[in-house]
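What follows is a single structure, written as structure tokens, with notes after it.
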Amino acid sequence: MKENNKDILILGIESSCDETAAAVVKNGRQVLSSIISSQIEIHTQYGGVVPEIASRKHIENIDEVIENALVKAGVTFDDIDAIAVTYGPGLIGALLVGVAEAKALAYALNKPLVGVHHIEGHVSANYIENTEFEPPFLCMIVSGGHTHLVRVSDYGKYEIVGRTRDDAAGEAFDKVARAIGLGYPGGPKIDAVSKEGDDKAYVFPQAKIEDAPYDFSFSGVKSAVLNVINGLKMKGEEIDVANIAASFQKSVVDVIVDHTIKAAMEFGYDKVALAGGVAANSCLRETMKKACEEKGLTLCYPSPILCTDNAAMIACAGYYEYINGTRHGLDLNAVANLKIGTRLEGAKKGEKA
């Protein structure tokens, strides 16, 4: 969709955690540039993201990242139609850096400002490489802070049908990885070492919540892994890291796939999507693909680089908000615990840029 047949260029800005990112996306689907400045090496020495350090690095990097995104796209600020920025959820200090930058640019350049929900950005990552993919579909959002099963009825319209009651899947991956000595970031390291292990070596619990069949709980499996490790240590036995990692991963993946397929069948969806950082997990992708094929469902997921935090997905989500008339004022603020589907009261609909 275009305005008067004119291509629409969105500058996306993302700084919700430890990646400083900027991207230029044309018409919501074509990525002209995507620049990501990662802080993984810095935070690895602390075993996880340190919010204060993350915020300071965002301040240091954000101008250069945006400049590089414009240069790589071959455009200038004059060519940009709107600025989209993540305003939540995430680390409050980190979010504030991106929001402040976007507001300053919008004011100085007299460009429309569009606030984007970070998780809606992850959902929108599916539109970038799969240009024919569109709502309605069922989306399994799996990240370090979220595990949501969501009905996507249209662009920007979401209904949560399942969520975690405790740890998010990615959080459980990080905690288990730390416990078995793999360190941070846990998800990719467990995925890698699991390929060398036997996923049937241990049978870890798979929680089911009686009154909410599509909700998740991963604290039990995490505790079970810790109990196995402690038991082996007490007996002086060797800890087989690969077997524990593979068995843990299988327990988590099986629950995610089971809930997703059952919900898709119950609600009558023929399309399923994965989103979020854990959507890059090879076991999850392979298991979900097999399950969807067995049920005749179409499965969509982004490339691994688009599963992790990036600004292309924010620009994509921002594009659909923009053409729907969403505009935010300079009073836009960061919201650390923003819920998916939330719309700010100050957001204006139907205005022309």
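The values are calculated or read from the model by the stated rules, or taken from the named source; none is laboratory data. Remember, it's a predicted structure, so these values are computed and weren't measured experimentally. Glycine also receives a Cβ, built like all others from the backbone with ideal geometry; neighbour counts cover every protein chain displayed.
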Q | Filtered residues of the stretch 27-77 (kept if loosely packed, with under 14 Cβ neighbours inside 10 Å, modelled with pLDDT under 95 and in a helix (DSSP H, G or I)) | A | Ile40, Glu41, Thr44, Glu52
Q: Please work out if Val85 is in contact (Cβ under 8 Å) with a residue 40 or more places away in the chain and touching a strand residue (DSSP E or B) at 6+ places or on another chain (Cβ under 7 Å).
A: yes
Q | Evaluation of Thr147 against (1) among the polar types (S, T, N, Q); (2) closer than 20 Å to Ile256 by Cβ; (3) modelled with pLDDT of 95 or more (one fails), failing number | A | (3)
Q: Answer with yes or no whether Gly276 is touching a residue at least 24 places away in the same chain (Cβ under 8 Å), closer than 30 Å to Ala102 by Cβ, in the same structural domain as Gly197 (by TED's automatic domain parsing) and surrounded by 14 or more Cβ atoms within 10 Å (Cβ to Cβ).
A: yes
Q: Confirm whether Ala315 is buried (at least 16 other Cβ atoms within 10 Å of the Cβ), at pLDDT 95 or above and not in a loop (DSSP other than H, G, I, E, B).
A: yes
Q. How many residues are surrounded by fewer than 23 Cβ atoms within 10 Å (Cβ to Cβ) and either among the hydroxyl-bearing types (Ser, Thr, Tyr) or assigned to a loop (DSSP other than H, G, I, E, B) (or both) when one looks only at the stretch 147-157?
A. 3
Q. Of all residues in the stretch 318-336, which are within 16 Å of Leu9 (Cβ to Cβ) and either outside any helix (DSSP H, G or I) or not acidic (Asp, Glu) (or both)?
A. Gly318, Tyr319, Tyr320, Tyr322, Ile323
Q. Can you find a residue in the stretch 229-244 that is farther than 30 Å from Thr20 by Cα, more than 21 Å from the chain's Cα centre (by Cα) and buried (at least 23 other Cβ atoms within 10 Å of the Cβ)?
A. yes
